[in-house]
Amino acid sequence: MHEMSIALAVVDQVESAVRPAGASAVGRVRLLVGELAGVVPDALAFSFQLACEGTVLAGAELITEPVAARARCASCDRTWPAGMPPRLSCPGCGGASVELLSGRELRIADVSWLDAPAPPPTHEER
Amino acid sequence: MCRVLDLQQAVLAKNDACAHTLREELAARGTAVVNLLSSPGSGKTALLERELTLARERGVPVAALTADLATENDAVRLARSGVPVKQVLTDGLCHLEAEMLGGHLDGWLPTGTRLLFVENVGNLVCPASYDLGETLRVVLASVTEGEDKPLKYPTAFGLAHLVLVTKTDIAAAVEFDEVAFRANVERVNPGAEVVRTSVRGGEGVGTLLERALAARDDGPAHIPVMTRQSHHLHDDPEDRIGERGTVGSSRS
């Protein structure tokens, strides 16, 4: 199960990105996961919770948005849903000069958080 | 106030960057990496031992690194070939990553090595996602595993430059349907070469070594469709670094 490695990579990248922006508690991370990315969203959600503990992402919600795999034939210009298991030779002309239009994504789309309220003035103890 | 930071970062960007650097560093030293993936028990070690022995006999400088969760059994077997071999124990991790591999090569990989064979952890799921800086990715499947293996593990088979069928000496006994297997590979990876091998039956001797040497000199002969992903979804992180200011610094 490499989802834990994936989750740790997500947390690491999000932390690095949001710290300079001043986030103190990330609320939500949106992830695009292609059909052919080889990642199981449920396993990732489980790992994500653990990976977030003790970081600025603690308690953050992970939203995984599936991306369907689509392919295009360079010979006849046909496009089709690759499906699962994928069909990556052209169903029209049988050609193999095919490119994948989508389906391998494993990408952090965006991160959101609520700005912390301004801290109350500190009371210096005397 | 709710704030949203548009990242659009590839999750595996760090591994991909490490792999890219490793590939370039090794190429500068004349070494190409061959990444071998398969299920446990499909015969990676036996086939690799044969090809390493052949390389030594032919005077081709090669080395091998084998990864397992536990035991040094595979390194002991591969070392019988007489070439430099290193065992990596992953302590339970189900795959190798580029940074780990690079760390294990420091101070070990002999100068002048032309091919470094990496026997990945036996697993057709997790290792498929990690580029190790290889020039050639080879996926093996034994005749006992069933013709539909390429359909069950489309990412692994779909990203292979070369597919090897192993244990063909017992193909008839287990009623392996080679035509169906080839059709299934073609479905997920059109144009990929599928070669029959058998260590016990002496079939396909030297194929792995020859394909690896050819790829080292001229690059892989086959580029899988799955690696030809269109960049229309602003997938290329390199292009977007400038747009994201501070975010760009998080990539390493």
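The table below lists the values:
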quantity	calculated
Any hit, region A:84-95, residues being outside any loop (DSSP other than H, G, I, E, B) and either more than 9 Å from chain B (Cβ to nearest Cβ) or over 16 Å from B:VAL225 (Cβ atoms) (or both)	no
Positions within region A:96-126 being more than 22 Å from B:THR227 (Cβ to Cβ), part of a loop (DSSP other than H, G, I, E, B) and either more than 7 Å from chain B (Cβ to nearest Cβ) or modelled with pLDDT of 95 or more (or both), in sequence order	A:ALA116, A:PRO117, A:ALA118, A:PRO119, A:PRO120, A:PRO121, A:THR122, A:HIS123, A:GLU124, A:GLU125, A:ARG126
B:MET100, sole failed condition from (1) without any contact (Cβ under 8 Å) to a residue 40 or more places away in the chain; (2) on the phi > 0 side of the Ramachandran plot	(2)
One residue from B:ALA128, B:ALA63 being touching a residue at least 60 places away in the same chain (Cβ under 8 Å) and within 22 Å of B:CYS18 (Cα to Cα)	B:ALA128
Condition check for B:GLY103: more than 24 Å from B:LEU162 (Cβ to Cβ) and not acidic (Asp, Glu)	yes
Qualifying residues in region A:32-69 (those that are in contact with a helix residue (DSSP H, G or I) (Cβ under 7 Å, 6 or more places away or on another chain) and in contact (Cβ under 8 Å) with a residue 60 or more places away in the chain) - the one nearest to the other protein chains (Cβ to nearest Cβ)	A:LEU36
Positions within region A:8-31 being in a helix (DSSP H, G or I) and within 9 Å of chain B (Cβ to nearest Cβ), in sequence order	A:ALA9, A:VAL10, A:ASP12, A:GLN13, A:VAL14, A:GLU15, A:SER16, A:ALA17, A:VAL18
Residue count for region B:172-216, restricted to those that are surrounded by 18 or more Cβ atoms within 10 Å (Cβ to Cβ) and in a loop (DSSP other than H, G, I, E, B)	7
Top-ranked residue in region A:42-100 [being within 30 Å of A:ALA17 (Cβ to Cβ) and among the polar types (S, T, N, Q); ranked as surrounded by the fewest Cβ atoms within 10 Å (Cβ to Cβ)]	A:THR55
Scope region B:138-162; condition under 11 Å from the mean Cα position of the chain (by Cα) and away from chain A (no Cβ under 14 Å); matching residues	B:VAL138, B:LEU140, B:HIS161, B:LEU162
Hits in region B:1-26 (condition: within 14 Å of chain A (Cβ to nearest Cβ), over 26 Å from B:LEU69 (Cβ atoms) and in a helix (DSSP H, G or I))	B:ALA13, B:ALA17
Among the candidates B:LEU47, B:LEU54, B:LEU69, residue that is out of contact with any Gly (no Cβ under 8 Å at 6 or more places or on another chain) and in contact (Cβ under 8 Å) with a residue 24 or more places away in the chain	B:LEU47
Per-region count, region B:131-148, residues surrounded by 24 or more Cβ atoms within 10 Å (Cβ to Cβ) and under 24 Å from A:VAL40 (Cβ atoms)	5
Those residues of region A:1-17 which are buried (at least 21 other Cβ atoms within 10 Å of the Cβ) and touching a Lys or Arg at 6+ places or on another chain (Cβ under 9 Å), in sequence order	A:ALA9, A:GLN13, A:ALA17
Which listed residue, of B:LEU52, B:LEU36, is farther than 19 Å from B:SER129 by Cβ and not aromatic (Phe, Trp, Tyr)	B:LEU52
Residue among B:SER42, B:SER81 that alone is out of contact with any Gly (no Cβ under 8 Å at 6 or more places or on another chain) and in contact (Cβ under 8 Å) with a residue 24 or more places away in the chain	B:SER81
Failed item in (1) surrounded by fewer than 24 Cβ atoms within 10 Å (Cβ to Cβ); (2) assigned to a helix (DSSP H, G or I); (3) in contact with a helix residue (DSSP H, G or I) (Cβ under 7 Å, 6 or more places away or on another chain), with B:ALA128 passing the rest	(1)
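The values are calculated or read from the model by the stated rules, or taken from the named source; none is laboratory data. The shown structure was predicted, so the numbers you read here are calculated from the model rather than taken from an experiment. Ideal geometry is used to build each Cβ from the backbone, glycine not excepted, and the neighbour counts take in all protein chains shown.
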